[in-house]
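Below you'll find the structure, written out as structure tokens, and then a few comments.
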Amino acid sequence: MISIKNLHASIGDKEILRGINLEVKAGEVHAIMGPNGSGKSTLSSVLAGREDYEVTEGEVTFNGKNLLELPAEDRAREGLFLAFQYPVEIPGVSNINFLRTALNEIRAYHGQEEMTAKDFLALVKDKSKLVELDSKLASRSVNEGFSGGEKKRNEIFQMAMLNPKLAILDETDSGLDIDALRIVATGVNKLKSKDNATIVITHYQRLLDYIVPDFVHILYKGRIVKSGGKELALELEAKGYDEIKKEFEIAD
Amino acid sequence: MSLVVDNKSAVTQNLLEQLQKKSGKIAFMPDAEIISAIRYLEDKGIPNNKHEDYKYCNIEAVLRKEFKSVEQSFNELTNADIAPLKIDEAINLVVVNGVYNEGLSEKMIVKGLTVKSLNELSSSEKNILSSQAKADTDALIALNTAFSANGLFLQVDKNNVIPMPLHVIYVNSGNANIVANTRSFINVQANAQATLIESFYNIGSAKVFSNFVSEKCVGENAKLICYTFQNEGPLSYSVNTNQVKIGKYSNYNNTTMTLSGELVRNNHNVVLADSNCEAHLNGLFITNGTQQVDNHTLIDHQMPNCESNELYKGIAKDRSTGTFNGKIFVRKDAQKTNAYQSSKNILMSDDATINTKPQLEIYADDVKCSHGTSTGKIDTEALFYLKARGIGEESARKLLLQAFAQELIDKIEIPSLQERVLHLFEKAL
Ligand SMILES: Nc1ncnc2c1ncn2[C@@H]1O[C@H](COP(=O)(O)OP(=O)(O)OP(=O)(O)O)[C@@H](O)[C@H]1O
Ligand SMILES: [Mg+2]
């Protein structure tokens, strides 16, 4: 699905990603954990194609294509989806109009015809149910005035609508109450198949109780310093990052 | 009258000479007024960028550069020329090169509505001409007064509500450089209501300097909703002066949409002359190339309990320039005034310029006034969010700019006008 090799990225003079290696196969769920500021969101932004970051070294292959050569929109059209840690409010652009445009541009990219209004609305209805998104939210401006939890739910709603191959969920659990967490996680699980993959970025075991990862990686100071199975997350939950920090401080 | 050639206003002198040679005598403006208008103009000169109010909009330079020779070689127009400019829902009235053209206008008898040319005014009616636009206050009003063509007079008699919009198509057309001094008077009497669309076009291949002056009176408890639709194209340079006076309990609402024109200067001056009235001025422009759009508004609160509201938005692309200059006066008797003003702009290129200048002069103590301006680039976070969902750069930009403008486009309550604006707006994006 995606293969990341020795990825280095900086902003200005500051190197934030310092050699990331990660291999995700179809059907897998990977969790990335790590202390604040370690570079998790940077990694997702770089993968999604945010231009503020400069990739200085390394390569990323996504379904056989050189991901780093593609503009952000083409990465999405190829099936990469990023659920933003901080979803952006876009006053004046309705959620529905936004999603219809996105969906149709993705379809056009694959040489498919535009979706009819009827099919589109049926899809909206179906997918908003999946994350129990209030139908009123769908017709409002993108994220405008949404509560923190509603914004996160809206991200997963968009994911459901666009049906990506690889979804990167950047702290989608933060800001969700217990019920919403369960609903969102259940939604993500329902969207899971043997043909797609998920990368979950989180600070909490709580989410991983629902979305059970096949692999857990610890990102620290721009590198994956440790990988393991789902028990690694439990271990972190119990011990915190102190040991990791001590162990890798010198390598700074 | 004698013309003294004065170096400091050689451009003005040249213009005056050419216009005097080539324009016919105007029947409806009293000679004395014409003479004093010319004197004023000779004295003050056509404004250039040394003039505080024309700092970003050098009219003199335009005349020097583009209108050294003025041919006044006007074109006649036919129904076929006008047909595509009409608006179906409205009564379409046509003014060609400043002259009201009855032949091209739709004839409809509507109770309480008077439409005629300025020289058909009776001598008592003539008294109100120039009551709002005084030649000794502004050089371009003076120029218009001196050379005004036989424009349009439109009146809604008291207690009448005109059921359909009135659409005045001001169209200029020349074979070679023309200067059109178009003038109109709109009088909405007490308890009357009307919706007016004023559209501005230039047909043909000649450059036009259009100096438009419209006086508008809104009587007691009357309502006038106005749409100004400006689409004069790249050969046109225009100054559009609206001198508006509104009465007690009245409501005046204007939305100005500027979609093309190499230079468009709008002077929109509204006097809230009596208590409990309201004025709403809205504007939207999108400029590209080397276009220049300059919206100057003046809201003059003279009496208590009135409200004014201004919302102007602009998008400047390429090397274009947009200006918003909004003056609000609150006179000492205008207690309990509410006056709001907002100007928001987006710069689409590093070479585009936006100038904004709010000016509040408040002489009453119990008032609520607020103003805000913002000018920025397109929101890159929002742009990335859209792209990250598979929306291409172009459509993402368009979505965001449309969203920015939507608030103003929504103010147009005439569907086919709204469609026309939206179509041109999208094309200009
Ligand atoms: N645009 C930027 N300009 C300057 N520094 C940046 C920028 N983006 C990220 N950084 C820095 O890069 C580092 C990594 O940030 P990033 O947001 O990737 O961390 P994170 O692991 O997602 O943290 P959190 O758990 O708090 O979300 C931080 O030190 C951050 O300040
Ligand atoms: Mg983060």
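The values are calculated or read from the model by the stated rules, or taken from the named source; none is laboratory data. None of the values given here were measured: they were computed from a predicted structure. In this analysis, Cβ positions are derived from the backbone assuming ideal geometry, glycine residues included, and neighbour counts consider all displayed protein chains. Note: areas computed on protein heavy atoms with side chains; ligands, DNA, RNA excluded. Shrake-Rupley method; radii C 1.70, N 1.55, O 1.52, S 1.80 Å.
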query = Among the trypsin sites (Lys or Arg not before Pro) within the stretch A:8-50, which fall in a DSSP loop and have no more than 14 other Cβ atoms within 10 Å of their own Cβ?
reply = A:Lys25
task = Would you mind computing, in nm to one decimal, how far apart the modelled labels at A:Thr116 and B:Lys65 are, each placed 7 Å from Cα along Cα→Cβ?
result = 5.6 nm
task = For the stretch A:130-216, just the Cα atoms, rotate onto the principal axes and tell me the three extents in Å, largest first.
result = 37, 26, 17
task = Along each of the three principal axes of the Cα atoms of the stretch B:185-261, give the extent in whole Å, ordering the values from largest to smallest.
result = 44, 17, 14
request  = Only counting protein heavy atoms at a 1.4 Å probe, give the residues of the stretch B:368-389, ordered by number, whose accessible area falls by 30 Å² or more when the other protein chains are present relative to the chain alone.
outcome  = B:Glu381, B:Phe384, B:Tyr385, B:Leu386, B:Lys387, B:Ala388, B:Arg389
task = Pairs to check: B:Lys68/B:Lys116; A:Lys125/A:Lys194; B:Lys22/B:Lys216; A:Lys190/A:Lys245; B:Lys44/B:Lys317. Give those whose C-alpha atoms are more than 31 Å from each other in this structure.
result = B:Lys68/B:Lys116; A:Lys190/A:Lys245; B:Lys44/B:Lys317
ask   = Mind checking Rg over Rh on the stretch B:379-429, alpha carbons, Kirkwood formula for Rh?
value = 1.06
remark   = chain A: relative contact order from alpha carbon pairs under 8 Å, six or more residues apart, as a whole percent, is 28 percent
request  = Stick to the Cα atoms of the stretch A:2-249, pair each with every other, and give me the Kirkwood hydrodynamic radius in Å at one decimal.
outcome  = 18.6 Å
query = Other chains near A:103-114: what is the mean number of their Cβ atoms within 10 Å of each residue's Cβ?
reply = 2
ask   = Once the mean 1/r over all distinct Cα pairs of the protein assembly as shown is inverted, what Kirkwood radius in angstroms do you read off?
value = 28.7 Å
task = Quick one: Debye curve from the alpha-carbon atoms of the stretch B:266-353 only, equal weights, vacuum; give me log10 I(q)/I(0) at q = 0.22, 0.23 Å⁻¹ to two decimals.
result = -0.91, -0.96
note = Binned at 5 Å from zero, the C-alpha pair distances of the stretch B:251-397 give percents of 2, 10, 18, 17, 15, 12, 10, 7, 5, 2, 1, 0
key: Peptide A:130-142, shielding by other chains (average Cβ, 10 Å cutoff)   = 1
message = Ratio of alpha-carbon Rg to the 2.2 N^0.38 Å globular estimate for the stretch A:112-164, to two decimals, please.
response = 1.14
ask   = Where the Cα atoms of the stretch B:218-321 are projected onto their three principal axes, how long is each span, largest first, in whole Å?
value = 44, 18, 17
ask   = What accessible area per residue comes out for the stretch B:74-378, rounded to a whole number of Å², with a 1.4 Å probe?
value = 34 Å²
request  = Calculate the translational D of the stretch A:169-250 in whole µm² s⁻¹ from Stokes-Einstein, where the hydrodynamic radius comes from the Kirkwood formula applied to all Cα pairs, the temperature is 10 °C and the viscosity 1.306 mPa s.
outcome  = 115 µm²/s
key: Rounded to whole Å, sorted largest first: equivalent-ellipsoid semi-axes of the stretch A:1-144, Cα gyration tensor   = 31, 18, 15
GNM result for chain A, Cα springs below 10 Å: residue of A:Ala26, A:Ala117, A:Ala138 fluctuating most strongly = A:Ala117
ask   = What percentage of all Cα-Cα pairs in the stretch B:74-378 are separated by more than 24 Å?
value = 52 percent
Rounded FRET efficiency, nearest 0.05, which uses the C-beta distance separating A:Glu132 from B:Lys368 and R0 of 25 Å = 0.05
request  = On the protein heavy atoms, probe 1.4 angstrom, tell me the percent of accessible surface of the stretch A:2-249 carried by carbon and sulfur.
outcome  = 48 percent
inquiry  = Please give me, ordered by residue number, the trypsin sites (Lys or Arg not before Pro) of the stretch B:301-381 that lie in loop per DSSP and have at most 11 other Cβ atoms within 10 Å.
reply    = B:Lys332
inquiry  = Quick check: pseudo-label points 7 Å beyond the Cα along Cα→Cβ at B:Glu361 and B:Ala10, how many nm apart are they?
reply    = 3.5 nm
ask   = Put a dot 7 Å past each Cα toward the Cβ at A:Ser147 and A:Lys125; how far apart are the dots in nm?
value = 2.7 nm
task = Report the residue, chosen from B:Val110, B:Val70, B:Val161, that carries the largest GNM mean-square fluctuation when chain B is represented by alpha-carbon nodes joined by springs under 10 Å.
result = B:Val110
query = What whole-number value in Å² describes the accessible area per residue of the stretch A:71-216 for a 1.4 Å probe?
reply = 42 Å²
Summed buried accessible surface, chains B and A, 1.4 Å probe, nearest 100 Å² = 1900 Å²
ask   = For chain A, what is the calculated [θ] at 222 nm in deg cm²/dmol (nearest 500), taking -39500 (n - 2.57) for each run of four or more DSSP H residues and dividing by its residue count?
value = -12000 deg cm²/dmol
task = Would you please name the trypsin sites (Lys or Arg not before Pro) within the stretch B:81-132 that are DSSP coil residues with at most 12 other C-beta atoms within 10 Å of their C-beta?
result = B:Lys107, B:Lys111
request  = Report Rg/Rh for the stretch B:133-172, rounded to two decimals, where Rg is the Cα radius of gyration and Rh the Kirkwood radius.
outcome  = 1.11
request  = Please build a GNM for chain A, connecting alpha carbons under 10 Å apart, and tell me which residue among A:Lys221, A:Lys65, A:Lys136 fluctuates the most.
outcome  = A:Lys136
For chain B, calculated [θ]222 nm from helices alone, where every DSSP H run of n ≥ 4 adds -39500 (n - 2.57) = -6000 deg cm²/dmol
task = Using a 10 Å cut-off on Cβ to Cβ distances, tally the other chain neighbours for every residue of B:402-415 and report the average as a whole number.
result = 2
task = Over the residues of the stretch A:69-199, compute the C-alpha Rg and express it relative to 2.2 N^0.38 Å.
result = 1.00
